[in-house]
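One structure is given below, encoded as structure tokens.
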Amino acid sequence: MKYFVTGGAGFIGSNMVDRILKDRSNEVTIYDNFCSGRRAYVKHYLKDKRFRLIKGDVLDLELLKNAIKGHNFVFHFVANPDIVKSMVETDLDLKLGIIATYNVLEAMRVNGIKMIADVGLLFDKHWTYKKYLLRYRIRALTIFTTSLKKIAP
Ligand SMILES: NC(=O)c1ccc[n+]([C@@H]2O[C@H](COP(=O)([O-])OP(=O)(O)OC[C@H]3O[C@@H](n4cnc5c(N)ncnc54)[C@H](O)[C@@H]3O)[C@@H](O)[C@H]2O)c1
């Protein structure tokens, strides 16, 4: 199985990488811009042929589409790591919550990837693209409303 982990250099993402690579038949690509992620969390895999690291931003849709190609399963762990900052940069959660997840779903759609999970779904076996889309719509609405409240409380 080929896994793609957004935010794979973060705390949760790197732990997921450990778990994925315990199975010798698995391969994993992490996609991270290292704004809060750490190379130290994954540096022991840098020589492992089953591991690939791409430094990139999920807001860069074209790069994401190319990077995600050929994978079977996506773990999406990118998030705004700085909640306080979002009080000043009021579109931060909008970008890293809604646009980022949209980009991941769009990159999956054009590449025919069907399975996705995020931190809220880890205990489920897997989610299909369609089922996740429904959940995304509800979450997007919540984040959008919260962002608006920051502009006009
Ligand atoms: N750590 C916890 O205890 C915990 C508990 C519950 C839920 N969560 C959720 O799990 C998710 C991950 O949390 P974490 O603790 O691993 O955070 P983290 O900050 O360690 O990981 C987030 C990763 O996303 C990367 N990232 C951020 N913006 C990016 C962008 N634009 N493009 C590419 N990469 C980007 C960061 O560099 C980092 O590696 C979050 O959604 C968080 O809310 C975490």
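The values are calculated or read from the model by the stated rules, or taken from the named source; none is laboratory data. Owing to the predicted nature of the structure, the values given are computational and were not obtained by experimental measurement. So basically every Cβ, Gly included, is an ideal-geometry build from the backbone, and we count neighbours across all protein chains shown.
Regarding the range 42-50, can at least one residue be identified that is of a type outside the set (D, E, K, R), within 12 Å of the ligand (Cβ to nearest atom) and under 29 Å from Ile143 (Cα atoms)? Walk me through it before giving the result.
Residues of the range 42-50 of a type outside the set (D, E, K, R): 42, 44-46.
Those still in the list that are within 12 Å of the ligand (Cβ to nearest atom) too: 42.
Of the ones still in play, those that are also under 29 Å from Ile143 (Cα atoms) are none.
No.
Have a look at Asn66, Asn80 and point out the one that is within 16 Å of the chain's Cα centre (by Cα), modelled with pLDDT under 95 and within 15 Å of the ligand (Cβ to nearest atom).
Numbers: Asn66 fails: modelled with pLDDT under 95.
Among Asn66, Asn80, only Asn80 is within 16 Å of the chain's Cα centre (by Cα), modelled with pLDDT under 95 and within 15 Å of the ligand (Cβ to nearest atom).
May I ask you to list the residues in the range 1-18 that are more than 9 Å from the ligand (Cβ to nearest atom) and either of a type in the set (D, E, K, R) or under 17 Å from Asn66 (Cα atoms) (or both)?
Lys2, Tyr3, Phe4, Val5, Asp18
State yes or no: is Lys65 under 29 Å from Arg50 (Cα atoms), buried (at least 16 other Cβ atoms within 10 Å of the Cβ) and of a type in the set (Lys, Arg)?
On the way: under 29 Å from Arg50 (Cα atoms): yes; buried (at least 16 other Cβ atoms within 10 Å of the Cβ): yes; of a type in the set (Lys, Arg): yes.
The answer is yes for Lys65.
Cβ contacts < 8 Å: first residue farther than 21 Å from Leu64 by Cβ, restricted to the range 81-104; second residue more than 9 Å from the ligand (Cβ to nearest atom) and of a type outside the set (A, V, I, L, M), any location; separation 6+ or different chain. Result?
Close Cβ pairs (under 8 Å, with a partner that is more than 9 Å from the ligand (Cβ to nearest atom) and of a type outside the set (A, V, I, L, M)) amount to Ser86/Asp93; Ser86/Lys150; Met87/Lys150; Thr90/Ser147; Thr90/Lys150.
Restricting attention to the range 10-24, does a residue exist that is hydroxyl-bearing (Ser, Thr, Tyr) and not in a helix (DSSP H, G or I)? Show your work before the answer.
In the first step, residues of the range 10-24 are kept if they are hydroxyl-bearing (Ser, Thr, Tyr); the result is 14.
Next cut, not in a helix (DSSP H, G or I) only: none.
The answer is no, given that none of the residues of the range 10-24 is hydroxyl-bearing (Ser, Thr, Tyr) and not in a helix (DSSP H, G or I).
Within the range 28-41, how many residues turn out to be among the polar types (S, T, N, Q) and either over 13 Å from the mean Cα position of the chain (by Cα) or more than 8 Å from the ligand (Cβ to nearest atom) (or both)? Let's see the steps before the verdict.
So in the range 28-41, the residues among the polar types (S, T, N, Q) come out as 29, 33, 36.
Next cut, either over 13 Å from the mean Cα position of the chain (by Cα) or more than 8 Å from the ligand (Cβ to nearest atom) (or both) only: 29, 36.
Residues meeting the conditions: 2.
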